[in-house]
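The values are calculated or read from the model by the stated rules, or taken from the named source; none is laboratory data. From a predicted model like this one, the values you see are computed outputs, not experimental measurements. A quick note on method: Cβ atoms are made from the backbone with ideal geometry, for glycine too, and the neighbour counts reach across all protein chains shown. These area figures cover heavy atoms from the full protein model, side chains too; ligands, DNA and RNA do not enter into them. Shrake-Rupley method; radii C 1.70, N 1.55, O 1.52, S 1.80 Å.
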Amino acid sequence: AEAQERQERSLVRMEAVAHRVREQHPSVNVVSILSLRLPELSRKLRDGSLPPDHVFYAYVGKALQIATETNCITEFLQESETQLRKAKLTEKRGLLYGVPVSIKDSIDCQGHDSTLGFIKNLNKPAAEDSVVVQVLKRQGAIPFVKTNVPQSLISYDCKNLIFGQTRNPLLYTRTPGGSSGGEGALVGGGGSILGIGTDVGGSLRFPAACCGICAIKPTGNRLSKRGILSGVVGQKAVAAAVGPLAKDVDSLALCLRALLSEDMFSLDSTVPPLPFNEEVYSSTKPLRIGYYETDFFTMPSPAMRRAVRETKQLLEEAGHTLVPFEITNVDYVIFNYCVRGMFADGGSSFVKKFKGEIEKGGTRLFFWLAKAPQWLKTLLSWISKPFVPRFSSIIRSMKENTVEEVWSLHHEIEDFCHQFIAQWKKLNLDVMLCPMLGPALGIGYPAKLSVAVSYTMLYNALDFPAGVVPVTLVTDEDEEQLKSYKGYYQDWWDRTLVKALRGSEGMPVAVQCVALPWQEELCLRFMKEVETL
């Protein structure tokens with residue numbers, strides 16, 4: 001109740017801030033400020049043609065509106081007002097000078113809670129800013145709000161017992177995606193020009209795809225994760241990453257340019273000192289692009305398939321070469337690398353997180369399986385195998401492993417990664433075009449559809465950079481074709497997915513753009529190409 005009151009007070013404070021400026025500067029053209037893309041906005045802020053307080057107040061007002069509509073903001077960072085005053089006096093103007101930035105709940109901001117949607121994490125303010133937030137501030141950015149997440153972060157919806165459900169700004173009955181769902185809603189609704197989130201199975205890419213914006217999940221260690229909390233601590237099978245969300249690709253590139261600075265490399269020496277490679281990002285040489293329309297695990301919705309096909313055709317017409325890529329064994333990757341990797345301790349550390357919490361949120365299946373004794377899991381897995389093979393596989397993947405088994409699993413994932421790269425190199429590819437789950441599912445459905453993370457989570461297991469770009473909207477014809485959707489397994493999950501996707505005319509659908517490890521600039525260059533076309 002206290003946290004909800006604090007959230008309410010935050011919105012009241014934002015209202016007061018926005019009101020004060022309307023009184024003092026009635027001539028500020030909020031609409032024109034909000035219509036600027038990040039590269040233009042930051043240029044105007046740096047050359048002094050736009051005062052930072054005008055921009056700040058424009059975004060505080062808009063963020064308040066989107067928060068009221070979607071419930072995406074958990075807290076207003078009051079120190080942003082002090083930072084703003086200091087910014088006006090500073091001579092050194094970083095790349096993000098005066099740019100208001102929204103921050104996901106799980107990323108530490110000094111003096112504020114990082115709750116992960118858990119009640120036990122309330123009133124435990126972070127002792128210092130995470131490295132990413134420190135670097136943003138050194139580049140002149142002004143972190144101004146923290147945004148909502150699903151309980152535990154192991155979900156692609158956005159609901160917890162403290163702050164409740166965040167809604168999709170484009171259609172309130174839909175999920176904004178997760179776990180960076182508050183970011184997706186706020187940036188998608190226009191209340192923030194740049195957001196920072198994290199991704200361990202699609203948690204940046206789902207919200208971007210659901211809310212019709214762009215995001216990039218870099219290679220796990222390209223940006224510092226110091227001071228960022230994760231859903232399952234210490235597991236090394238599935239790589240987590242931190243990255244930006246924005247309306248367009250140039251904005252993502254500007255953010256990475258700012259973050260990949262000496263500041264970050266000195267604050268966290270475990271991050272490779274690779275500055276942003278301008279040459280690769282601005283290159284115009286034709287690309288050799290692999291592509292696939294399905295992973296043969298989650299059957300793509302008609303709109304997903306069309307999104308890949310139409311993008312492929314446009315890329316070919318623009319002079320790029322497209323090569324079919326054969327994707328295999330995704331079921332094995334999902335169950336044996338992802339689920340088993342994240343729950344290699346049989347889920348006991350995951351269960352511990354929920355100790356003393358009132359509700360288990362959108363992760364009931366995993367929670368229940370993690371608590372079940374091993375004999376029961378074995379029995380259930382055996383009984384369900386002929387009828388629901390995927391359920392049987394999940395149960396099998398949730399067993400407790402010995403240290404030897406975990407090491408052998410890590411070794412197997414490394415081998416898989418090298419095989420995947422070998423197949424990529426054999427085709428001489430630069431990048432890959434892949435489907436992205438969409439359109440946004442109905443609220444509450446992600447909890448019932450954990451298996452649908454297959455398109456995104458593959459690239460966490462491989463630790464490749466992957467971004468999403470919205471390319472089309474769901475048509476009536478897509479809806480019509482959805483009626484004959486069966487799925488590859490024709491099980492309960494396949495039937496549920498159809499229900500979750502129904503009635504989505506006009507909702508955005510994205511594609512995924514992927515590159516090899518440490519090739520974020522090439523990934524962004526490809527995303528930019530897709531966006532332009």
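Of the candidates 162, 216, the single residue that is hydrophobic (A, V, I, L, M, F, W, C), closer than 23 Å to residue 515 by Cβ and modelled with pLDDT of 95 or more is 216.
Taking residues in the stretch 127-138 that are in the same structural domain as residue 109 (by the TED database) and among the acidic types (Asp, Glu), and partners anywhere that are in a loop (DSSP other than H, G, I, E, B) and open to solvent by less than 10 Å² (accessible area, probe 1.4 Å), the pairs with Cβ atoms closer than 9 Å and at least 6 places apart or on different chains are 129/109. For the condition in contact with a Ser or Thr (Cβ under 8 Å, 6 or more places away or on another chain), among the aliphatic types (A, V, I, L, M) and open to solvent by less than 30 Å² (accessible area, probe 1.4 Å), residue 323 does not qualify.
Yes/no matrix, rows are residues, columns are (1) outside the structural domain of residue 512 (by the TED database); (2) surrounded by fewer than 13 Cβ atoms within 10 Å (Cβ to Cβ); (3) touching an Asp or Glu at 6+ places or on another chain (Cβ under 9 Å):
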position	(1), (2), (3)
338	yes, no, no
351	yes, no, no
357	yes, no, no
380	yes, no, no
410	no, no, no
414	no, yes, no
417	no, no, yes
432	no, no, no
441	no, no, yes
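The set of residues in the stretch 296-316 that are open to solvent by 60 Å² or more (accessible area, probe 1.4 Å) and either touching a residue at least 12 places away in the same chain (Cβ under 8 Å) or closer than 18 Å to residue 493 by Cβ (or both) comprises 296, 305, 309, 310, 314. Residues in the stretch 154-197 that are more than 16 Å from the chain's Cα centre (by Cα), within 26 Å of residue 358 (Cα to Cα), in a strand (DSSP E or B) and not basic (Lys, Arg): 160, 164, 165. Only one entry of 132, 187 meets the criterion of being within 18 Å of residue 436 (Cβ to Cβ) and buried (at least 24 other Cβ atoms within 10 Å of the Cβ), and that entry is 187.
Comparison of 312, 247 shows that the only residue that is outside the structural domain of residue 130 (by the TED database) and either of a type in the set (A, V, I, L, M, F, W, C) or at pLDDT 95 or above (or both) is 312. Filter the stretch 69-84 down to residues that are more than 15 Å from residue 98 (Cα to Cα), open to solvent by 40 Å² or more (accessible area, probe 1.4 Å) and part of a helix (DSSP H, G or I), then give me how many there are. So the count comes out to 1. Is it the case that some residue within the stretch 329-345 is of a type in the set (Val, Ile, Thr) and more than 30 Å from residue 374 (Cβ to Cβ)? The answer is no, given that none of the residues of the stretch 329-345 is of a type in the set (Val, Ile, Thr) and more than 30 Å from residue 374 (Cβ to Cβ). When the stretch 130-145 is filtered for residues that are closer than 8 Å to residue 103 by Cβ and in contact with a Ser or Thr (Cβ under 7 Å, 6 or more places away or on another chain), the ones remaining, listed by number, are 143, 145.
Residue 103 meets each of the listed conditions (1) in contact with a strand residue (DSSP E or B) (Cβ under 9 Å, 6 or more places away or on another chain); (2) in a helix (DSSP H, G or I) apart from (2). Determine the pairs where a residue that is at pLDDT 95 or above and hydrophobic (A, V, I, L, M, F, W, C), located within the stretch 77-92, has a partner that is surrounded by fewer than 16 Cβ atoms within 10 Å (Cβ to Cβ) and not in a helix (DSSP H, G or I) with Cβ atoms under 9 Å apart, the partner being 6 or more residues away or on another chain. Final answer for the pair search is 77/111. Restricting attention to the stretch 17-45, the residues that are open to solvent by less than 90 Å² (accessible area, probe 1.4 Å), in a helix (DSSP H, G or I) and either over 25 Å from residue 97 (Cβ atoms) or not hydrophobic (A, V, I, L, M, F, W, C) (or both) total 6.
Residue count for the stretch 388-408, restricted to those that are touching a residue at least 40 places away in the same chain (Cβ under 8 Å), outside any helix (DSSP H, G or I) and open to solvent by 50 Å² or more (accessible area, probe 1.4 Å): 2.
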